[in-house]
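The block underneath contains the structure these notes are about, expressed in structure tokens.
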Amino acid sequence: MQRGFVDPQLKLHLDYLESELGDGEWFAGAAFSVADIQLSFPLEAFAARGGLDAGYPRLSAFLQRIHDRLAYRRALERGGEYRLG
């Protein structure tokens, strides 16, 4: 089940998200938006499980931009680090 259906679906979706970033920094245009917040969590989960490798440079850079945001760092200061997995 994992190899036959789940893994190909994950790749399909990651490939789609990688292409949707194009040359931009954010998913819904030039400005950071709620869409970026919503997409950050599943991408965090993929990254935590080793799913964001060198084949997804735009998604990796997107997550780094999220991590670099002052609001993200403040949220971690208030709520503490979180673990996925």
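The values are calculated or read from the model by the stated rules, or taken from the named source; none is laboratory data. Just so it is clear, the structure is predicted and the values come from calculations on it, not from any experiment. Reconstructed Cβ throughout: ideal geometry from the backbone, glycine too, with neighbour counts over all protein chains shown. Side chains are part of the model used for accessible areas, which takes the heavy atoms of the whole protein and leaves out ligands, DNA and RNA. Shrake-Rupley method; radii C 1.70, N 1.55, O 1.52, S 1.80 Å.
Side notes on the structure shown:
- Helical content alone sets the calculated 222 nm signal of the chain at -19500 deg cm²/dmol, taking -39,500 (n - 2.57) per DSSP H segment of four or more residues and averaging over every residue.
- In this view, the solvent-accessible surface of Leu39, computed with a 1.4 Å probe and all protein chains in place, comes to about 40 Å².
- A simple charge model with +1 on the Cβ of Lys and Arg, -1 on the Cβ of Asp and Glu and nothing else charged puts the dipole of the chain at about 320 debye relative to its Cα centre.
- Percent breakdown of C-alpha pair distances by 10 Å bin, ordered from the shortest bin, for segment 20-60: 29, 54, 17
- Charge-dipole axis of the chain as Lys and Arg at +1 and Asp and Glu at -1 on Cβ define it, positive-most pick from Gly80, Ala28, Leu52: Gly80
- Net length gained if the chain between Ala45 and Ser60 were fully extended (0.36 nm per residue, minus Cα distance): 4.2 nm
- Measuring spread by the Cα atoms of segment 9-85 yields a radius of gyration and Dmax of 12.4, 35 Å.
- For a modelled paramagnetic label at Gln9, 7 Å from Cα along Cα-to-Cβ, the residues of segment 38-58 in reach, with backbone nitrogen under 19 Å, are 39, 41-47, 49-52.
- Loop-resident sites, the chain, for chymotrypsin sites (Phe, Trp or Tyr not before Pro), counting at most 13 other Cβ within 10 Å (DSSP): Tyr82
- Extension gain (nm, one decimal) between Arg69 and Leu84, 0.36 nm per residue minus Cα-Cα: 3.4 nm
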